[in-house]
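Engineer: This is the structure I want to talk about, given as structure tokens.
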Amino acid sequence: MPKILVSGGTGYIGSHAVVELLGKGMEVVIVDNLSNSEIEVLDGIKSITGKSPHFEEVDLKDRKATYGVFEKHPDISAIIHFAAYKAVGESVEKPLDYYENNLLSLIHLLEAMKIYKVDHLVFSSSCTIYGEPDHLPVTEDAPLKKATSPYGNTKQICEDILQDTMKSVEGKGVISLRYFNPIGAHPSAKIGELPLGVPNNLVPFITQTAAGLREYLSIFGDDYNTPDGSAIRDYINVVDLAKAHVRAIGRLLEGKQKSSFEVFNLGTGRGVSVFEIIKSFEKATNQKLNYKVVGRREGDIEKVYADTSFANAELGWKAEKGLEETLQSAWRWEMKIRSNKMKK
Ligand code: UFG
């Protein structure tokens, strides 16, 4: 069975992908510097799968340490590269940290692929690179808009680096997966998202508000050109998203790529407004949510949702879980975090 290096494997999406890979019998080497995750995530992974991934606490900005992982595991067949800084607002405050971390990590992995003869990489990209799209649903060939944050720019630059690198080598393949809005947690509530401090993203803010940690949710604008005035996104269950990575790895290892650099949108194909999320959350969990409409958040776009037909046809993958089920999983996870905190 292939051995897969998963950078950022103790993070939110990474940990769910590790569970799916282990479930398919693959061996996993997690590389993570624990800058935005906790080592206990490994217990959650083990408890769900009955298996333990290898774990290397390494910062990918450190070239020597990165190479060291490949020296220790000479039989790695492919890489899934999740590890990156991802907070839009923080990236505006600390742009150099974002460029340094997100670009160097990728460059060091690409160097190592050359030296240690690893042929395949799956990259975590984002729909943020489409900006406000001219046509919806957005397809993979839509023109990329100028990034509105350093974070978004790092994703664009990383895709450029990957594309250029693929032109200069033979026999290697990269798949870039453009995530829409990942939400929810594993149905077991043993792994999920662990936001540090005040969450930036909608669903963790909702669950923390319902749990009494925050007074109310601020809805960033109800004057958009959408049916109810709130902004529209494509919210995808994190387990569905994780499964797409197993498909992408399979495609690479089986040599099914049509070109050495491929891009797939990963979403549900359905646009959902902020008000709709709140209603679904209340219905799914029987919780009443306090909220207030406030002004628009700078840099937010009005609406974006994915055309997923390419991923459906080529990866043989489709998002399956419904919104209420997904929001229930987010709520179960919030309850679990709270009860763990009480025990500590
Ligand atoms: N929102 C609120 N109140 C909040 C938080 C969010 O109303 O407290 C709204 C936002 O305005 C937006 C929607 O909820 O309309 C979703 O916001 P998120 O912050 O959860 O997600 P974004 O779509 O802004 O950002 C996500 C990822 C980014 C990525 C971006 C690409 O978090 O990493 O998608 O569009 F860059």
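Engineer: Considering only the range 80-101, I want to know if a residue exists there that is among the β-branched types (V, I, T) and within 18 Å of D32 (Cα to Cα).
Structural biologist: We begin by selecting, within the range 80-101, every residue among the β-branched types (V, I, T); these are 80, 88, 92.
Among the residues that remain, those that are also within 18 Å of D32 (Cα to Cα) are: 80.
Yes, the conditions are met somewhere in the range 80-101.
Engineer: Hey, any hits in the range 91-105 for a residue that's within 16 Å of the ligand (Cβ to nearest atom), among the hydrophobic types (A, V, I, L, M, F, W, C) and closer than 23 Å to D164 by Cα?
Structural biologist: No, there is no match, as no residue in the range 91-105 is within 16 Å of the ligand (Cβ to nearest atom), among the hydrophobic types (A, V, I, L, M, F, W, C) and closer than 23 Å to D164 by Cα.
Engineer: Give the number of residues within the range 179-197 that are without any contact (Cβ under 8 Å) to a residue 40 or more places away in the chain and at positive phi.
Structural biologist: Residues flagged as without any contact (Cβ under 8 Å) to a residue 40 or more places away in the chain and at positive phi within the range 179-197 amount to 1.
Engineer: On the basis of being of a type in the set (K, R), open to solvent by 40 Å² or more (accessible area, probe 1.4 Å), closer than 28 Å to L136 by Cα and away from the ligand (no atom under 14 Å from the Cβ), does R332 make the cut?
Structural biologist: When the stated conditions are applied, R332 does not pass them.
Engineer: Determine whether D32 is among the acidic types (D, E) and buried (at least 23 other Cβ atoms within 10 Å of the Cβ).
Structural biologist: Working: among the acidic types (D, E): yes; buried (at least 23 other Cβ atoms within 10 Å of the Cβ): yes.
Considered against the rule, which asks whether it is among the acidic types (D, E) and buried (at least 23 other Cβ atoms within 10 Å of the Cβ), D32 comes out as yes.
Engineer: I need the full set of residues from the range 300-344 which are among the small types (G, A, S) and modelled with pLDDT of 95 or more, in order please. Before you say what the answer is, go through the steps one by one.
Structural biologist: Keep residues of the range 300-344 that are among the small types (G, A, S), which gives 306, 309, 311, 313, 316, 319, 322, 329-330, 339.
Passing the criteria: A306, S309, A311, A313, G316, A319, G322, S329, A330.
Engineer: Any chance you could count how many residues in the range 187-203 are over 17 Å from G8 (Cα atoms) and surrounded by fewer than 22 Cβ atoms within 10 Å (Cβ to Cβ)?
Structural biologist: Here is the first cut: in the range 187-203, the ones over 17 Å from G8 (Cα atoms) are 187-190, 197-203.
Then keep just the ones that are surrounded by fewer than 22 Cβ atoms within 10 Å (Cβ to Cβ); that gives 187-190, 197-202.
Residues meeting the conditions: 10.
Engineer: Residues V238, V274, V263: which one is farther than 21 Å from K318 by Cα and of a type in the set (A, V, I, L, M)? Can you show your working first?
Structural biologist: Numbers: V238 fails: farther than 21 Å from K318 by Cα; V263 fails: farther than 21 Å from K318 by Cα.
Within the list V238, V274, V263, the selection yields V274.
Engineer: A further question on this structure: From the list R270, R296, exactly one residue is within 12 Å of the ligand (Cβ to nearest atom) and in a loop (DSSP other than H, G, I, E, B). Which is it?
Structural biologist: Numbers: R270 fails: within 12 Å of the ligand (Cβ to nearest atom).
Exactly one residue qualifies, and that residue is R296.
Engineer: Count, please, the residues in the range 231-250 that happen to be under 30 Å from E170 (Cβ atoms), open to solvent by less than 10 Å² (accessible area, probe 1.4 Å) and touching a helix residue (DSSP H, G or I) at 6+ places or on another chain (Cβ under 7 Å).
Structural biologist: Here the count works out to 3.
Engineer: Just to be sure before I move on: is G184 within 30 Å of K256 (Cβ to Cβ), open to solvent by less than 30 Å² (accessible area, probe 1.4 Å), more than 16 Å from the chain's Cα centre (by Cα) and not hydrophobic (A, V, I, L, M, F, W, C) in the structure I sent?
Structural biologist: Working: within 30 Å of K256 (Cβ to Cβ): yes; open to solvent by less than 30 Å² (accessible area, probe 1.4 Å): yes; more than 16 Å from the chain's Cα centre (by Cα): no; not hydrophobic (A, V, I, L, M, F, W, C): yes.
No, not satisfied.
Yes/no per residue for (1) in contact (Cβ under 8 Å) with a residue 12 or more places away in the chain; (2) in contact with a helix residue (DSSP H, G or I) (Cβ under 6 Å, 6 or more places away or on another chain); (3) open to solvent by 30 Å² or more (accessible area, probe 1.4 Å):
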{"residue": "I219", "(1), (2), (3)": "yes, yes, no"}
{"residue": "E262", "(1), (2), (3)": "yes, no, no"}
{"residue": "K283", "(1), (2), (3)": "yes, no, yes"}
{"residue": "T308", "(1), (2), (3)": "yes, no, no"}
{"residue": "N312", "(1), (2), (3)": "no, no, yes"}
{"residue": "T326", "(1), (2), (3)": "yes, no, no"}
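The values are calculated or read from the model by the stated rules, or taken from the named source; none is laboratory data. The shown structure was predicted, so the numbers you read here are calculated from the model rather than taken from an experiment. FYI the Cβ positions are ideal-geometry reconstructions off the backbone, even for glycines, and counts take in every protein chain you see. Calculation scope for accessible area: heavy atoms of the full protein, side chains included, ligands and nucleic acids excluded. Shrake-Rupley method; radii C 1.70, N 1.55, O 1.52, S 1.80 Å.
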